[in-house]
Amino acid sequence: MKDIVFATNNEHKLSELRQIMAGKYNVLSLADIGCNDDIPETAPTIEGNAMIKAQWVKEHYGYDCFSDDTGLEIDALNGEPGVHSARYGGVAHDSERNMNKVLRLLDGVPMEQRTARFRTAIVLIMDGETHQFEGKVEGHILTERHGAGGFGYDPIFKPDEADCAFGEMSPEQKNRISHRGRAVAKLTEFLSTRQAH
Ligand code: ITT
């Protein structure tokens, strides 16, 4: 099986990706290649941040790799938290604070105005070329937490094409319809055509 580096420090994303690519690719983490860097995510868009992460690994470690950057875009908050999703509550990767802030800001907003989407941008650097893939899922922000599955904002996001929150789904159910699942499906389709050459 071919190795591929996933430029992320997020263990949840890594395990989702390992499950999606199981049997096709051996997904290596940043820790697996000896990278403990705090890669600066300073771009104003998720596409830009995905590019920074992939280029960092290529430039500093020499590996072909892919990266993902994801944002939750809430229409009633003018697209926030978007690129600021990881530290929306003020502390990096504190999902409880992040969800509390969203629920507070949407307090009293009726369900039909709680529309939102997760968007994932993937950047792949391979054989000297750069490729981009996108995946998204439309849904609504619930008024309280549902379930303890997934990670990040999953307990307060209900995809329109399902009857429960991401937080109530098994990893398989979530991956089938999620932003990341869809972006990765495009990535793996592309990789399979490359492998055939
Ligand atoms: P890396 O940059 O190391 O990959 P990260 O946690 O910073 O990891 P992102 O910037 O892509 O990842 O994501 C920002 C935040 O968005 C993340 O910390 C979660 O709170 C949230 N998020 C991302 N994917 C999610 C998902 O599938 N379900 C729920 N929340 C998610």
Inset, instruction - Name the one entry in 162, 185 that is touching a residue at least 24 places away in the same chain (Cβ under 8 Å), away from the ligand (no atom under 13 Å from the Cβ) and open to solvent by 10 Å² or more (accessible area, probe 1.4 Å). - result: 185
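Looking at 133, 118 in this structure, which one is within 10 Å of the ligand (Cβ to nearest atom) and outside any loop (DSSP other than H, G, I, E, B)? Let's see the steps before the verdict.
Values: 133 fails: within 10 Å of the ligand (Cβ to nearest atom).
Residue meeting the stated conditions: 118.
Pick out the one residue from 57, 102 that is outside any loop (DSSP other than H, G, I, E, B), farther than 22 Å from residue 7 by Cβ and of a type in the set (Val, Ile, Thr). Even if it seems obvious, please write down each step before you answer.
Numbers: 57 fails: farther than 22 Å from residue 7 by Cβ.
The match here is 102.
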Legend entry - Where a residue in the stretch 81-93 is closer than 15 Å to residue 38 by Cα and among the basic types (Lys, Arg) and its partner, wherever it lies, is assigned to a loop (DSSP other than H, G, I, E, B) and near the ligand (Cβ under 8 Å from one of its atoms), with Cβ under 9 Å and at least six apart: 87/93
Inset, instruction - Would you check which residues across the stretch 16-41 are assigned to a helix (DSSP H, G or I) and either polar (S, T, N, Q) or under 24 Å from residue 149 (Cα atoms) (or both) and list them? - result: 16, 17, 18, 19, 20
Inset, instruction - Inspect all residues belonging to the stretch 44-52 and state whether any of them is under 19 Å from residue 155 (Cβ atoms), within 11 Å of the ligand (Cβ to nearest atom), open to solvent by less than 20 Å² (accessible area, probe 1.4 Å) and in contact (Cβ under 8 Å) with a residue 24 or more places away in the chain. - result: no
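The values are calculated or read from the model by the stated rules, or taken from the named source; none is laboratory data. Values in this document were obtained by computation on a predicted structure and should not be read as measured data. Cβ sites come from the backbone with ideal geometry, for glycine too, and all protein chains shown count toward neighbours. The protein model used for the area step is the full one, side chains on, heavy atoms only, and it has no ligands, DNA or RNA in it. Shrake-Rupley method; radii C 1.70, N 1.55, O 1.52, S 1.80 Å.
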